[in-house]
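Where a number appears in this text, it was derived from the coordinates with a stated rule and is not lab data. Given the structure is predicted, the values throughout are model-derived calculations rather than measurements. Backbone-built Cβ (ideal geometry, glycine too); neighbour counts: all protein chains shown.
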Ligand SMILES: [Zn+2]
C-alpha cells in the first residue's frame with residue numbers, strides 16, 4: 001500500500017527530487033527508505049568491549065527503483081567519517097536517524113550502486129515504544145536485539161522488513177571474547193591480541209534479524225543437519241544441555257509439520273544477563289540466563305524461537321501490521337510442541353488462551369493491531385487461537401498441508417495476511433470468509449472454535 005518509490009514518482013511536488021524521504025510503513029513511517037532496494041550488506045566492524053567503541057565500514061549494494069538524485073539510509077547515533085557512492089565522494093548529512101546522501105550525478109532507474117560508509121562512535125540502542133533496542137551493552141560484552149527498529153544503531157541500512165538482503169559480517173575484537181553473528185562462520189583469524197570472525201549470511205534477511213553477540217562463552221555444538229550450536233556462559237552449560245536437549249527433536253517435529261528447516265544451521269546464545277523475553281535472529285536465537293533453570297522451565301520459549309525460523313525469518317512480514325503471521329504462528333508452535341512431546345493438547349492451550357482473551361479489552365483487530373499493540377500479548381494469543389480455529393475448520397490433514405505449502409511458496413520471501421487467507425481458502429471447499437472476518441478483522445472475540453463435523457474427511 002505504501003510503495004514509496006512509486007508514490008514519489010507519481011507526486012508532481014517531488015518532481016526533480018526523486019528519492020525524497022518517503023514512508024514504507026504506516027506503523028513506523030520514519031523507518032525504511034524509498035527509491036532503492038538493497039541486495040547485499042558487507043560489514044567490517046572493529047569493536048573494543050571496554051570503552052564500547054565501534055569502528056565500522058559498510059558497503060551497501062543496492063538497485064535504484066527510480067532515478068535518484070538523492071536518497072537516505074537509516075543510521076542512528078554513529079558518525080560517518082567518509083561516504084562514497086560507486087567510489088566517488090558524495091555530499092552527506094546526518095540528520096536525526098537518517099543519513100542523507102547526494103551523489104554528484106543522479107543514479108539511473110534500475111542501476112546498481114554501492115554506498116561505502118566508514119563510521120565511528122559508541123553505539124547506543126534506539127529508544128522506541130518497546131524500550132531500548134539495537135546494539136546494547138552487557139556487563140562484559142554486547143547483545144544486539146533489533147526488532148523492530150534497532151538495526152540503524154550499528155550499521156547504515158534500509159530498515160524495513162520488506163527489503164531483505166544478504167550479508168557478510170566481519171567482527172574484530174579482543175581475542176578472549178567469542179563472537180556469534182547471524183550467518184555461517186567462514187573464518188576466524190587471530191593476530192597478536194585480536195581475532196576477526198567472518199560470517200556469511202546468504203539467505204535474504206531483513207535488517208531487524210541481523211545480530212552480533214559478543215561475550216565470554218563456552219561453545220557447544222550438537223546435531224548435524226542442520227548443525228546446531230550454542231554459546232553459553234560456562235557456569236550454565238550443564239543446565240543448558242538439559243533444558244535445550246530436546247531441540248533436535250523439536251526441529252524434527254517442526255520440519256515434519258512446517259516443511260524443511262530453512263537454514264543450514266541453528267544457533268542459540270545465552271547471554272550472561274536476565275532478559276524479559278528471548279529474541280529471534282536469522283538462524284539464531286538469544287536467551288537470557290533466566291531462561292536456563294535445569295528444569296526446562298522455558299521450553300515453550302525454546303519452541304517459540306525455533307518456530308520463528310519459519311514464521312518471521314524465512315517468511316517475513318511485508319508490513320509490520322501483519323505481525324500476527326510471526327507471533328501467532330510462533331505461539332501456536334509452542335502448543336504444537338506441547339501436543340507432540342507429551343504435554344497438553346493444543347486444544348487445551350487454545351481454550352486457556354481464549355478464556356484469558358475473553359477477560360481482556362477487545363479493542364484490537366488482529367490483522368491490523370496498530371503500532372501500540374504491535375507486540376501486545378493478545379496478538380500472540382489471539383493469533384494462535386485463530387490458527388486453532390482454522391485447524392478445526394480444515395481438519396488436520398488440510399491444515400498441516402497448508403502450513404507446508406505456505407512455508408515453501410514464500411520461502412525467504414515477504415508475506416501478507418491476504419496471502420495467507422487466500423492460500424488457506426484453496427485448502428478447503430468450505431468458505432473461510434466468515435472465520436477470517438471474525439478472527440482477523442473484528443475486534444470482538446469470537447466464540448471458542450468447535451471442530452467442523454466431517455472436516456477431517458475433506
Ligand atoms: Zn515471537
* **Length added when fully stretched, residue 53-residue 184, from 0.36 nm per residue minus Cα-Cα** => 44.7 nm
* So for 198, 396, fewest C-beta neighbours within 10 Å to most, what's the order? -> 396, 198
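What number, rounded to the nearest 500 deg cm²/dmol, is the helix-based mean residue ellipticity at 222 nm of the chain, given -39500 (n - 2.57) per DSSP H run of at least four residues and division by all its residues?
Details: 10 runs with 111 residues, N = 458.
Value at 222 nm, helices only: -7500 deg cm²/dmol.
At 10 °C and 1.306 mPa s, what whole-number value in µm²/s does Stokes-Einstein give for the translational diffusion of the stretch 217-458, with Rh from the Kirkwood sum over Cα pairs? Intermediate results must be reported in sequence, preceding the final value.
Details: Rh = 18.4 Å.
Translational diffusion coefficient: 86 µm²/s.
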* Asked: For residue 444 and residue 82, what is the calculated FRET efficiency with R₀ set at 51 Å and r taken between the beta-carbons, to the nearest 0.05?
  -> 0.35
* Calculate the spin-label point distance for residue 39 paired with residue 344, positioning each point 7 Å from the Cα along the beta-carbon direction, and give it in nanometres. => 5.1
* Asked: Using mean Cβ contacts within 10 Å as the protection proxy, how do 280-291, 230-241 order, highest first?
  -> 280-291, 230-241
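What order do you get for 130-140, 298-308, 170-180 when each peptide is scored by the mean count of other beta carbon atoms within 10 Å, highest first?
Details: 130-140: 17.0, 298-308: 22.2, 170-180: 19.4.
Going by the mean number of other Cβ atoms within 10 Å, highest first, we get 298-308, 170-180, 130-140.
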* **Net lengthening on full extension, residue 218/residue 433 (0.36 nm per residue, minus Cα-Cα)** => 72.3 nm
* Asked: At residue 408 and residue 296, where each label point lies 7 Å from the Cα along Cα→Cβ, what is the point-to-point distance in nanometres?
  -> 3.1
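I need the calculated FRET efficiency for the pair residue 234 and residue 425, taking r as the beta carbon distance and R₀ as 56 Å, to the nearest 0.05. All intermediate terms of the calculation are to be shown ahead of the outcome.
Details: r = 52 Å, r/R0 = 0.93.
The computed FRET efficiency comes out at 0.60.
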* **Difference of contour (0.36 nm per residue) and Cα-Cα distance, residue 192 to residue 418** => 75.8 nm
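In percent, what relative contact order does the chain have, based on Cα pairs under 8 Å that are 6 or more apart in sequence?
Working: 1028 pairs, mean separation 48.6, N = 458.
About 11 percent, as a whole number.
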* Asked: Roughly how many Å is it from the Cα centre of the stretch 78-134 to that of the stretch 238-275, as a whole number?
  -> 36
* To do: Please identify which residues in the stretch 327-347 have an amide N closer than 18 Å to a label point set 7 Å out from the Cα of residue 401, following the Cα→Cβ vector.
  => none
* Give the span of the chain's Cα atoms along each principal axis, as three whole-Å numbers ordered largest to smallest. => 68, 60, 37
* Hey, quick one: spin label on residue 127, modelled 7 Å out along Cα-Cβ, who in the stretch 366-388 has an amide N within reach, i.e. under 19 Å? -> 372
* Please report Rg over Rh for the stretch 355-458, where both radii come from the alpha carbon positions and Rh follows the Kirkwood definition. => 0.97
* Asked: How much of the DSSP beta bridge set in the chain is antiparallel, as a percent to the nearest 5?
  -> 80
* Between the stretch 280-305 and the stretch 331-354, the alpha-carbon center distance in angstrom -> 17
* How fast does the stretch 1-211 diffuse by Stokes-Einstein, in µm²/s, taking the Kirkwood radius from C-alpha pairs at 10 °C and 1.306 mPa s? -> 91
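For an R0 of 35 angstrom, estimate the FRET efficiency from the Cβ-Cβ distance between residue 46 and residue 356 and round to the nearest 0.05.
0.15
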